[in-house]
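The values are calculated or read from the model by the stated rules, or taken from the named source; none is laboratory data. Everything numeric here is computed off the predicted structure, so don't read it as measured data. FYI the Cβ positions are ideal-geometry reconstructions off the backbone, even for glycines, and counts take in every protein chain you see.
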Amino acid sequence: MSEQTIALVSGANKGIGYEIALGLGRLGWSVGVGARDGTRREAAVAKLRAEGVDAFGVPLDVTDDASVTAAAELIDGRAGHLDVLVNNAGVTGGMPQDPIGADLDTVRTAVETNVLGVIRLTNAMLPLLRRSGSPRIVNMSSTVGSLMRQSTPGAQTGPISVAYAPSKTFLNAVTLQYAKQLSDTNILINAGCPGFCATDLNGFRGVRTPEQGAAIAIRLATLPDDGPTGGFFDDDGVVPW
């Protein structure tokens, strides 16, 4: 059983997920690089190791029960526990996403990964997180999921979205429910928004770097034991629901 701090980041082979893995690894942690594509996953692991990070690959498709179960078994066999889970894997579902005439498969795709995938992976990892002295769960959300901002005239909430934005609202609600059920434990769970980062998720249209986007996840992953739980944060502080 390893006493080293162990983290798992889903969708960590590129973009914000990679930068989260790099940032946590620079703390001296051992970081699992969760990703579906084996070639990209192992390339990311090699790149992280070249940066001095104790990285290891975790084959992981958050939409697949067997893949998630195998990931939990891999970490259990390797370390016997998990200290931090960062639910970073996500999809937009494709654009455009006008509600009128919506393609329901687009909605299903977004919810399957961005919400059900988070529930699936979190539940699989909870037994390992319970063995940690200071377990943390970070759900990578987005301010476009804020109903207050979406309903505020003139607020910057991106394009009309019947799939992606509501999936993040759903994720925020799920985060709250976990926080309520885990309130009598030492597990802290929060949602974080990385901001509008230039990644392939948005065709590299963002104005922030993936490294900047990773900062909120790293902050929430390293909260002190008396830190917040059941919150929604970005670099500026609390984000309204």
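Observations on the structure shown:
- Restricting attention to segment 210-241, the residues that are in contact with a helix residue (DSSP H, G or I) (Cβ under 6 Å, 6 or more places away or on another chain) and exposed (fewer than 14 other Cβ atoms within 10 Å of the Cβ) total 1.
- Enumerated helices (runs of 4 or more DSSP H) restricted to segment 86-151, each holding at least 3 residues that are within 13 Å of Tyr164 (Cα to Cα) and either in contact with a strand residue (DSSP E or B) (Cβ under 8 Å, 6 or more places away or on another chain) or in contact (Cβ under 8 Å) with a residue 24 or more places away in the chain (or both): 104-111
- Test: Arg49 is part of a helix (DSSP H, G or I), crowded, with 17+ Cβ neighbours inside 10 Å and of a type in the set (Lys, Arg): no
- Selection of first residues in segment 34-46 that are basic (Lys, Arg) and of second residues that are part of a helix (DSSP H, G or I), restricted to Cβ pairs under 9 Å at least 6 apart or on distinct chains, gives the following pairs, ordered by first then second residue: Arg36/Ser67.
- Inspection of segment 38-45 identifies no residue that is outside any helix (DSSP H, G or I) and either surrounded by fewer than 23 Cβ atoms within 10 Å (Cβ to Cβ) or in contact with a Lys or Arg (Cβ under 8 Å, 6 or more places away or on another chain) (or both).
- In segment 38-61 there is no residue matching the filter, namely being β-branched (Val, Ile, Thr) and under 15 Å from Met140 (Cβ atoms).
- Matching residues in segment 195-234 - criterion: being in a loop (DSSP other than H, G, I, E, B), modelled with pLDDT of 95 or more and of a type outside the set (S, T, N, Q): Leu223, Pro224, Asp225, Asp226, Gly227, Pro228, Gly230, Gly231
- Segment 152-173 - residue that is part of a loop (DSSP other than H, G, I, E, B) and of a type in the set (S, T, N, Q) and, of those, nearest to Asp76 (Cα to Cα): Thr157
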